[in-house]
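Engineer: I am attaching a structure below and will ask some questions about it afterwards.
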Amino acid sequence: MKHYMKQMLVTALDRTLPIYIELLGWNEWQDEFIRPHGYHCYHWLQTTGGEGQFECEGKTIMLGPNQGILLPPNVPHRYKTTSYPWSTWYITFNGNMASILVSSLGLATCTAISWESHSRLSTLHKRSRNLARSHFEFNGIDGSAFVYRFLMELKRSGQVDNQRSFSQHTARVIPLIRYLEENYSDPSLGLDQLADYTGVSPQRLNYLFRMATGMSPYQYLIHLRIQKAKELLINEKNLTVKAVALRVGFLDASHFVSTFRKNEFITPQSYRDLN
């Protein structure tokens, strides 16, 4: 594969998008770069072959295959090859929501991010080559969508300091999520029963579930019951609120109504009337 680089023509309308590409490319032989004042956009660089050394924020970071680094704008840095050839893929992006997206996704910056070889991140340099060949078609909205998907994949597959990736955490709790889908109507369902099902302690289960969903298993169960209740309230108008409560795992209607109102800021009957 030959070296390529695509400098985007960023229009005034492009700059109103939440996020847009400034440039992207692939280098078979990465040169040394020294940027004492950093780069004016977000800058992602990943190794596709060989190894390189990256310096930023007083840290020296080695980047081998299936590793990359994300730099915020204007962060002084330097990088050079340590293994010839050092091949790299890069993309720079900006936009009104760029910093908000990076922050809300919890993406690490100025540190090595790794991923498994089967991740889509490993083939980005090949897939983006065809995109870089296009002209007007890959500006604007299409380019913005490409960056967004890239950041989502980085969130899904990226690992920092040998920690599990988001997708790995999710994979560990999927069996339990399926179990909850099948048993949410059981009012006796509790943390101890869920821990027995998964074969881990309640404390460990809480940790694993929070890493994957941001909430405890019990909180997830309550949200699931409310979701199922909303479906019944709309699809089965003949059911009373009490009947709906019992079907989704609540022992009595008053607890169901108070929980529904706490989560949805509306009573079950009012929700039904609106729909």
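Engineer: Exactly one of (1) part of a strand (DSSP E or B); (2) under 22 Å from residue 161 (Cα atoms) is unmet by residue 93. Its number?
Structural biologist: Checking residue 93 against (1) part of a strand (DSSP E or B); (2) under 22 Å from residue 161 (Cα atoms), the one that fails is (2).
Engineer: As an exercise: evaluate residue 82 against (1) surrounded by 12 or more Cβ atoms within 10 Å (Cβ to Cβ); (2) within 16 Å of residue 128 (Cβ to Cβ) and give the number of the one condition it does not meet.
Structural biologist: Result: residue 82 passes all but (2).
Engineer: Does at least one position in region 119-135 carry a residue that is assigned by TED's automatic domain parsing to the domain that holds residue 18, modelled with pLDDT of 90 or more and closer than 17 Å to residue 49 by Cα? Show your work before the answer.
Structural biologist: In the first step, residues of region 119-135 are kept if they are assigned by TED's automatic domain parsing to the domain that holds residue 18; the result is 119-135.
Then keep just the ones that are modelled with pLDDT of 90 or more; that gives none.
Within region 119-135, not a single residue is assigned by TED's automatic domain parsing to the domain that holds residue 18, modelled with pLDDT of 90 or more and closer than 17 Å to residue 49 by Cα.
Engineer: Could you check, for region 211-222, whether at least one of its residues is touching a Gly at 6+ places or on another chain (Cβ under 9 Å), modelled with pLDDT under 90 and closer than 30 Å to residue 96 by Cα?
Structural biologist: no
Engineer: Conditions first: (1) within 17 Å of residue 146 (Cβ to Cβ); (2) without any contact (Cβ under 8 Å) to a residue 12 or more places away in the chain. Residue 102 passes all but one, so which condition is the exception?
Structural biologist: Condition not satisfied by residue 102: (2).
Engineer: Only residues that are over 14 Å from residue 248 (Cα atoms) and of a type in the set (S, T, N, Q): list them for region 167-199, please.
Structural biologist: Matches in region 167-199: 167, 168, 170, 193, 198.
Engineer: In this structure, is residue 195 closer than 27 Å to residue 156 by Cα and in a helix (DSSP H, G or I)?
Structural biologist: On the way: closer than 27 Å to residue 156 by Cα: yes; in a helix (DSSP H, G or I): yes.
So residue 195 fits the description; yes.
Engineer: OK, next. Scan region 67-96 for residues that are within 22 Å of residue 3 (Cβ to Cβ), of a type outside the set (S, T, N, Q) and over 19 Å from the mean Cα position of the chain (by Cα) and jot them down. Give the steps one after another, and end with the answer.
Structural biologist: Residues of region 67-96 that are within 22 Å of residue 3 (Cβ to Cβ), as a first pass: 67-69, 71, 77-93.
Those left that are additionally of a type outside the set (S, T, N, Q): 68-69, 71, 77-80, 84-86, 89-91, 93.
Result: 77, 78, 79, 80, 84, 85, 86, 89, 90.
Engineer: Taking the condition of being touching a Gly at 6+ places or on another chain (Cβ under 7 Å), at pLDDT below 95 and not hydroxyl-bearing (Ser, Thr, Tyr), how many residues in region 64-96 meet it?
Structural biologist: Number of matching residues: 4.
Engineer: Return yes or no: is residue 253 surrounded by 16 or more Cβ atoms within 10 Å (Cβ to Cβ) and at pLDDT below 90? Show your work before the answer.
Structural biologist: Details: surrounded by 16 or more Cβ atoms within 10 Å (Cβ to Cβ): yes; at pLDDT below 90: no.
Answer is no for this residue.
Engineer: Of the conditions (1) modelled with pLDDT under 90; (2) not in a strand (DSSP E or B), residue 99 clears all except one; give me its number.
Structural biologist: Here residue 99 meets the rest and fails (1).
The values are calculated or read from the model by the stated rules, or taken from the named source; none is laboratory data. Since this is a predicted model, take the numbers as computed values, not measurements. Reconstructed Cβ throughout: ideal geometry from the backbone, glycine too, with neighbour counts over all protein chains shown.
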